[in-house]
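See below for the structure under consideration.
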Amino acid sequence: LLTATRTFPTDLPLLGNACGALSVLADEPANRLAMLKLRGMSAMCAVLHSFPHEAALQKNGLRTWLKLMSDEVSARLAAEARRKNMLDPREEACAPILAAMRAYTLDSDLQFMASWATWLLASCEDEGQARRLLGKGGAGEMVVMALRSFPDKRDLQYVGCGALLALGKPRQAPQDSKNTNDLSCPQLITAALGPLGCGWGAGDGGANEAQ
């Protein structure tokens with residue numbers, strides 16, 4: 001299935017079937033392990049990147065990616081990729097995830113999956129750059145927009161709040177907060193969200209923060 005996605009990267013019907021099948025197979029731990037070793041996360045990123053305006057394909061590809069990312073093996077494989085000076089497959093997902101959040105602002109399912117992916121990526125406690133890339137790309141603003149657009153979607157609210165928490169949490173070895181290129185520190189996340197009027201600006205009271 002993964003070979004098919006790489007052999008026919010522009011064949012939309014074929015990719016739809018392949019990603020749908022991979023999503024089902026990824027429910028089993030043994031299958032996830034096999035898919036991870038075959039660089040399944042990178043394959044899903046390629047699909048997401050190639051067809052940003054195909055909602056059904058985006059959902060199947062992102063759903064499969066989420067199942068792979070949730071497997072603990074993904075962190076070990078990411079560390080191995082960095083040791084070999086290869087692209088971390090988690091960081092590779094940042095651009096298509098951000099693109100999906102911008103392209104499907106009215107699709108609660110895609111916003112849910114993209115916010116969940118943001119939460120997972122921003123929670124990585126290692127030397128990876130995923131959280132910085134997401135922050136720099138405006139993930140915080142997009143998550144806040146999704147929370148405002150779908151106030152009655154409890155699952156989306158849950159993962160969205162988790163994503164914001166992960167984006168704003170300082171690293172174990174925080175960078176200098178004056179470094180404007182590092183958006184992982186709380187001060188810069190606050191600055192990014194401030195223009196949306198979400199009440200996280202300096203000097204706001206507890207009621208605004210809760211809102």
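The values are calculated or read from the model by the stated rules, or taken from the named source; none is laboratory data. Remember, it's a predicted structure, so these values are computed and weren't measured experimentally. Positions of Cβ are generated from backbone atoms using ideal geometry, with glycine treated the same way; all protein chains shown enter the neighbour counts. When the accessible area is computed, the model is the full protein with side chains, heavy atoms only, and any ligands, DNA or RNA have been set aside. Shrake-Rupley method; radii C 1.70, N 1.55, O 1.52, S 1.80 Å.
In order along the stretch 49-59, the Karplus-derived 3J(HN,Hα) couplings, from 6.51 cos²θ - 1.76 cosθ + 1.60 at θ = phi - 60°, round to 5, 6, 10, x, 10, 10, 4, 5, 5, 4, 5 Hz, and Gly and Pro are given as x. With the whole protein complex present, E91 retains an accessible surface near 40 Å², based on a 1.4 Å probe.
List the trypsin sites (Lys or Arg not before Pro) within the stretch 24-84 that DSSP assigns to loop and that have no more than 12 neighbouring Cβ atoms inside 10 Å. Spell out each step's value before the answer.
Values: sites: R32, K37, R39, K59, R63, K67, R76, R82, R83, K84; in loops: R39, K84.
Sites meeting the loop and neighbour criteria: K84.
Shape analysis of the stretch 17-176 places it in the oblate category; the axes a ≥ b ≥ c from the Cα gyration tensor give an a/c of at least 1.5, with a/b not above b/c. With the biggest extent put first, the Cα atoms of the stretch 1-97 measure 36, 27, 22 Å across the principal axes. Here the accessible area of the stretch 1-135 is 58 percent carbon and sulfur, with a 1.4 angstrom probe and all protein chains present. Multiplying the residue separation of L14 and L33 by 0.36 nm and removing their Cα-Cα distance gives an extension gain of 4.5 nm. Charge tally around V24: other residues with Cβ under 14 Å, Lys/Arg +1 each, Asp/Glu -1 each, net +2.
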